[in-house]
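To keep things clear, I will list the structure first and then write my remarks on it.
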């Protein structure tokens, strides 16, 4: 089968317009995500076969995904970490808190950076966690600035993925680690129906394309990383899109409420509501996958 590449299923426009579209999407949905998903704007992690429970268990699952990635990638205690696509700072609170790391978070969304800054101050972590509105590929940090580059569910918004891996290599100190958790797509050809489903997801979530986990591994090797490995967590995270977990309930005023949101914030906000059933179907068909990638910058070279 022909392998998927990082441009296999393009949808949202690449180029200068993409960053603006991503920024607009997260600025306009920040409160929706935080109200419905809580501190972490990412998937939860369960043992295979485990079912979503109440709110406390739901939040524990999103916390667990952060810990699973820390363990999988081997993020050391006290590391200096660049959090690419930091969102509202949920993972950074764990990295800077229990793990004792110093975290620099970057996001395209000014609203997310501001909210993450508020959360760090409230948690007493402002001295170890700071957040900025910056492009991850044009970030201004010197070479070899970090012990770890961390990207949880942000790489899907970056069209030039080879450039991301090259930039991570530049930013890491020798022996530093790259840790990724990402939405992905099954390696190999998709059916026409699966193509349509993936394209809908990309459009609603303002993503230029999906790469397979295998393609992420290839890109890491091509950038010069060693110790590259990935883990398919699809079966562990798929519950995130069950209606009871996602908590995207019927709005009181139904379609009229959605029309009001679209009028006030722009039609991009509606992608938030469309994501659930599309992602659930994607996981059920196997077209959409999810996984973790780890890689290490060589000590020599």
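Assess whether residue 87 counts as being surrounded by fewer than 20 Cβ atoms within 10 Å (Cβ to Cβ), touching a strand residue (DSSP E or B) at 6+ places or on another chain (Cβ under 8 Å) and in contact (Cβ under 8 Å) with a residue 24 or more places away in the chain.
The answer is no for residue 87.
One residue is enough: does the range 181-192 have a residue meeting the conditions within 20 Å of residue 103 (Cβ to Cβ), touching a residue at least 12 places away in the same chain (Cβ under 8 Å) and crowded, with 16+ Cβ neighbours inside 10 Å?
For the range 181-192, residues within 20 Å of residue 103 (Cβ to Cβ), touching a residue at least 12 places away in the same chain (Cβ under 8 Å) and crowded, with 16+ Cβ neighbours inside 10 Å: present.
Residue 168 versus (1) more than 16 Å from the chain's Cα centre (by Cα); (2) crowded, with 24+ Cβ neighbours inside 10 Å; (3) closer than 18 Å to residue 225 by Cβ: which is the lone unmet condition?
Among (1) more than 16 Å from the chain's Cα centre (by Cα); (2) crowded, with 24+ Cβ neighbours inside 10 Å; (3) closer than 18 Å to residue 225 by Cβ, residue 168 violates only (1).
Can you report the number of residues in the range 101-113 which are modelled with pLDDT under 95 and over 16 Å from the mean Cα position of the chain (by Cα)?
Selection size over the range 101-113: 2.
Looking at the range 224-301, what helices (runs of 4 or more DSSP H) fall wholly within it and have at least 2 residues that are surrounded by fewer than 17 Cβ atoms within 10 Å (Cβ to Cβ) and modelled with pLDDT under 95?
243-246, 254-265, 271-285
For the range 131-145, does any single residue satisfy the condition of being surrounded by fewer than 24 Cβ atoms within 10 Å (Cβ to Cβ), touching a helix residue (DSSP H, G or I) at 6+ places or on another chain (Cβ under 8 Å), within 22 Å of residue 68 (Cα to Cα) and free of Cβ contacts under 8 Å to residues at least 40 places away in the same chain?
No: the range 131-145 contains no residue that is surrounded by fewer than 24 Cβ atoms within 10 Å (Cβ to Cβ), touching a helix residue (DSSP H, G or I) at 6+ places or on another chain (Cβ under 8 Å), within 22 Å of residue 68 (Cα to Cα) and free of Cβ contacts under 8 Å to residues at least 40 places away in the same chain.
With respect to residue 107, determine if the residue is in contact with a helix residue (DSSP H, G or I) (Cβ under 9 Å, 6 or more places away or on another chain), touching a residue at least 12 places away in the same chain (Cβ under 8 Å) and surrounded by fewer than 19 Cβ atoms within 10 Å (Cβ to Cβ).
Considered against the rule, which asks whether it is in contact with a helix residue (DSSP H, G or I) (Cβ under 9 Å, 6 or more places away or on another chain), touching a residue at least 12 places away in the same chain (Cβ under 8 Å) and surrounded by fewer than 19 Cβ atoms within 10 Å (Cβ to Cβ), residue 107 comes out as no.
Considering only the range 148-162, I want to know if a residue exists there that is surrounded by fewer than 20 Cβ atoms within 10 Å (Cβ to Cβ) and over 16 Å from the mean Cα position of the chain (by Cα).
There is at least one residue in the range 148-162 that is surrounded by fewer than 20 Cβ atoms within 10 Å (Cβ to Cβ) and over 16 Å from the mean Cα position of the chain (by Cα).
Residue 175 versus (1) surrounded by fewer than 17 Cβ atoms within 10 Å (Cβ to Cβ); (2) at pLDDT 95 or above; (3) on the phi < 0 side of the Ramachandran plot: which is the lone unmet condition?
Condition not satisfied by residue 175: (3).
Can you spot a residue in the range 212-221 that is under 19 Å from the mean Cα position of the chain (by Cα) and closer than 16 Å to residue 278 by Cα?
Restricting attention to the range 212-221, the residues satisfying the condition of being under 19 Å from the mean Cα position of the chain (by Cα) are 212-217, 219-220.
Next, only the ones that are closer than 16 Å to residue 278 by Cα stay: none.
No, that holds for no residue.
Sort out which residues of the range 185-209 are at pLDDT below 95 and closer than 11 Å to residue 156 by Cα, and write them in order of number.
Answer for the range 185-209, where residues must be at pLDDT below 95 and closer than 11 Å to residue 156 by Cα: 202, 205, 206, 207, 208, 209.
Does the range 57-74 contain any residue that is assigned to a loop (DSSP other than H, G, I, E, B) and buried (at least 16 other Cβ atoms within 10 Å of the Cβ)?
Narrowing the range 57-74 to residues assigned to a loop (DSSP other than H, G, I, E, B): 74.
Narrowing the set further to residues that are buried (at least 16 other Cβ atoms within 10 Å of the Cβ) leaves none.
Checked against the condition, which is being assigned to a loop (DSSP other than H, G, I, E, B) and buried (at least 16 other Cβ atoms within 10 Å of the Cβ), the range 57-74 yields no hits at all.
The values are calculated or read from the model by the stated rules, or taken from the named source; none is laboratory data. This one's a predicted model, so the numbers in the text were calculated from it and none came from an experiment. A quick note on method: Cβ atoms are made from the backbone with ideal geometry, for glycine too, and the neighbour counts reach across all protein chains shown.
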